[in-house]
1. For the pairs K67/K90; K78/K189; K90/K189; K73/K189, note any where the Cα-Cα span goes beyond 18 Å.
2. May I ask you to evaluate 6.51 cos²θ - 1.76 cosθ + 1.60, the Karplus curve with θ = phi - 60°, for each residue of region 52-59 and list the ³J(HN,Hα) values in order in whole Hz, giving x for glycine and proline?
3. Taking H placed 1.01 Å from N in the peptide plane, check which residues at least 5 places from G192 or on another chain put their amide H under 5 Å from its amide H.
4. Once a ≥ b ≥ c are taken as the square roots of the eigenvalues of the Cα gyration tensor of region 95-152, is the result rounded (a/c under 1.5), prolate (a/b larger than b/c) or oblate (a/b not larger than b/c)?
5. Any chance you could look up the accessible area of R125 with a 1.4 Å probe, heavy atoms only, rounded to 10 Å²?
6. So, by mean Cβ neighbours within 10 angstrom, what's the order for 204-212, 112-120, 98-106 with the highest one leading?
7. Starting at the first residue of region 65-70, write each ³J(HN,Hα) from the Karplus equation 6.51 cos²θ - 1.76 cosθ + 1.60 with θ = phi - 60°, in whole Hz, x for Gly and Pro.
8. Ordering S76, S64 from largest to smallest accessible area (1.4 angstrom probe), what's the sequence?
Amino acid sequence: MNSCAATPRKRPAMRSRKSSALEPPTQLGLEWSAGGLLCGVDEAGRGPLAGPVVAAAVILDDQSPIKGLGDSKVLSEKKREQLYDEIRAKALCFCIAEATVEEIDRINILQATMLAMRRAVEGLRLKPARVQVDGNRLPVLRIPAEAIVKGDALVPAISAASILAKVHRDRFCLQMHEQHPQYGFDNHKGYGTREHLEALRVHGATAWHRQSFAPVRSLDLSGLAITTVTATRVSVTEEE
């Protein structure tokens, strides 16, 4: 499920820049002399045992600065929620995308994360001239890109993307909790806490659990039956 939007506003005309054709898996390097729109990208949910991995891409508006941006992991939940609404209101455009549990199990979590990031960038209604991604890995894009370690604490656009991805996924976990309250998704957000592991031992895995992750896979290996709870895909609705 992708959630993408552009904030309508009048902008000065910009000269178009033609993108070079890209032969995967080579990623275009980032030329610092390049002008145009900058897109920040980050993800949430690589480590949990359940649920999709989420990525967000954000192009901020220099004329509408947002105070308080930072690494979503160190911000309070209240602050993240406040900034989530402000980012959506003030950004030139944004896109939130996912890679499903099925995709994670089929192609592995790293490749699924890259897939979600690519979907987020490609889902933007405005085309950026360059992309900066948090971390040390890049999805293959047809746009010059750069990976920045700890970019969510250094680059405002990446910080904004980390907040959108984190809040989106946390809300998804609340909906998983409504379907399966015995697992405590509202508390641990899918991570492998003692509470979560005990719930897995007692109740087995749900359709939202990642079968390729060792704590879930080991349920079957240890002889414990996996109880697959039928679940409909949770749809996180984003208001424009």
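The values are calculated or read from the model by the stated rules, or taken from the named source; none is laboratory data. On a predicted model such as this, the values are computed, not experimentally measured, just so you know. When we count neighbours, we look across all protein chains shown, and the Cβ atoms used for this are built from the backbone with ideal geometry, even at glycine. These area figures cover heavy atoms from the full protein model, side chains too; ligands, DNA and RNA do not enter into them. Shrake-Rupley method; radii C 1.70, N 1.55, O 1.52, S 1.80 Å.
1. Working: K67/K90 11 Å; K78/K189 16 Å; K90/K189 28 Å; K73/K189 13 Å.
Flagged as over cut-off: K90/K189.
2. Those phi angles translate into x, 9, 10, 10, 10, 10, 9, 10 Hz.
3. Here L49 satisfy the definition.
4. Numbers: a/c = 2.19, a/b = 1.37, b/c = 1.59.
Note, shape of region 95-152 comes out oblate.
5. 140 Å²
6. Numbers: 204-212: 21.0, 112-120: 24.8, 98-106: 19.2.
Ranking the peptides 204-212, 112-120, 98-106 by packing returns 112-120, 204-212, 98-106.
7. Here the 3J(HN,Hα) series is x, 10, 7, x, 5, x Hz.
8. Numbers: S76 65, S64 35 Å².
Heavy-atom accessible area, descending, gives S76, S64.
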